[in-house]
Amino acid sequence: SDAICNFVICNDSSLRSQPIIFNPDFFVEKLRHEKPEVFTELVVSNITRLIDLPGTELAQLMGEEDPKLPGANSTASGFFRSLMSLKRKEKGVVFGSPLTEEGIAQVSQLIEYLHKNLRAEGLFRVPGNSIRQQILKDALNSGTDIDLDSGEFHSNDVATLLKMFLGELPEPLLTHKHFHAHLKIADLTLFDEKGNKTSTPDKERQIEALQLLFLILPAPNRSLLKLLLDLLYQTAKKQDKNKMSAHNLALMFAPHILWPRNVTANDLQENITKLNNGVTFMIKHSQKLFKAPVYIRECARLHYLGSRAHTSKDDLDLLTSSGSKELQPLKSQKRSRLDSCHQEETQQRTEEALKELFRHVHSMPDSAKKKKLIRQFIKHPTALTPGSDAPASPAPRRTRSRSFSGLIKRKVLGTPVILERKSRDTTPEPVRVSKENVQLLQKCGSPAHMSQAKLKSLEGQKEESCRRMRARLLSKDSSSL
């Protein structure tokens, strides 16, 4: 998920078998080149989360103030300091000049050659021949092609020349601005259960801080630093042959890549151990230091995809830790809100449909169908009328009467009178009409009590005809008796 995949149709069969290069830091590099201010602010905010940088040191890291380095205010002008400054005045195309891509291309020849000759004992410690070194230096400054595999130069000549190139840069490879940050990274240690600081280095935080710090190095410095640390890492892996451990290599290169320019060991005093240990740590973990932290990748990716970007690792930690706990309640709350809204909408539509049906029934001409529909509304007023909350309980059924005339019918005729049952079934039950129905019926011009009166009049007529029929039957029965 850290990159955008592009599918390209390639008709060249020779290119199809080539491996696909995947760069997980694609968006990081894109943000660095296109929006350097946003990128720097993002990285520095995470650096200050790991190490404590006061206002002055933070301003120096951001380049807002000139770095205040050890020995800068010292009035002592020793022979060593003056000699070093005189050497750097003799600038060439490669040696003594600010770091450029052209200079890196020339020096990379030395690094590539040393990768093939890592077994030489005392590599980077034993000095080479000064005459051969000068010939090689002039060739690199002039830009001429050099055949290092010809056997004319020794591996110690090339190793010493590489250190000379780094030592003659106007500022160390890790820059003056980052000097105080490296001292603070060396002080990162673990805490015990009580929260007290211990003497055990916190390797994870140191690696993370160095990853961030290397991200804001100038591009040429970062490129050459990666080549150099990889060379020293491979050299330390063969220390059984060359007798050069990571710590021995750090002693050789710390003054060239980390110490401020024109300083002596007396100027650094107690910081020498920190600086040497810091370079040792870089060599041992060089394979991890040039990968951007995961949260920086995510921030850069989200920046270009238009999603919400997180400004620090803490945001991502909080999101991942609380996401599993809070995501379900949020989803359930959202689902309940959607369900309630859906229910309200459905209920509103149902009420509108019932109101329309209610108006339509009462606008129909008088007929048996209309009377049947009205009886259904009367029997179930709360279920079929708008604004009902729950279906009404069915009306209690009328108990069967045991009158004297009914007994005579069953004794004389032997079968119940079907006509009487029909008349009972057509008798309307007590009317329970809701307020909204009454208002609607009043608006439509046909109140509910008028239909009820008509039904009662019909019932009276039927009962009168039943009485007459009973009287005739009784009179016939008595005459026969």
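The values are calculated or read from the model by the stated rules, or taken from the named source; none is laboratory data. Predicted, not measured: the structure shown is a model, and the values here were computed from it. Please note: Cβ atoms are built from the backbone with ideal geometry, for glycine as well, and neighbour counts cover all protein chains shown. Calculation scope for accessible area: heavy atoms of the full protein, side chains included, ligands and nucleic acids excluded. Shrake-Rupley method; radii C 1.70, N 1.55, O 1.52, S 1.80 Å.
Here is how the numbers come out for the structure above:
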read-out: Rounded accessible area per residue of the stretch 92-170, 1.4 Å, Å²; value: 46 Å²
read-out: Principal axis box of the stretch 92-170, alpha-carbon based, largest edge first, Å; value: 32, 24, 23
read-out: Of the trypsin sites (Lys or Arg not before Pro) in the stretch 191-232, those whose Cβ has at most 14 other Cβ within 10 Å and which sit in DSSP loop; value: 194
read-out: Neighbour-limited loop hits for GluC sites (Glu not before Pro), the stretch 185-218 (at most 13 other Cβ within 10 Å; DSSP other than H, G, I, E, B); value: 193
read-out: Percent carbon-and-sulfur accessible area, the stretch 92-170, ignoring ligands, DNA and RNA, probe 1.4 Å; value: 51 percent
read-out: Mean shadow area of the stretch 142-185 over all directions, Cα convex hull, nm²; value: 4.8 nm²
read-out: Entries of 243/284; 177/238; 226/288; 116/203; 116/137; 226/291 with Cα pairs more than 22 Å apart; value: 177/238; 116/203
read-out: Cut-off under 5 Å, modelled amide H: who pairs with residue 189 long-range; value: 202
read-out: Solvent-accessible ranking of 212, 373, largest area first, probe 1.4 Å; value: 373, 212
read-out: Kirkwood estimate for the stretch 105-147, i.e. one over the average of 1/r between Cα atoms, Å; value: 11.5 Å
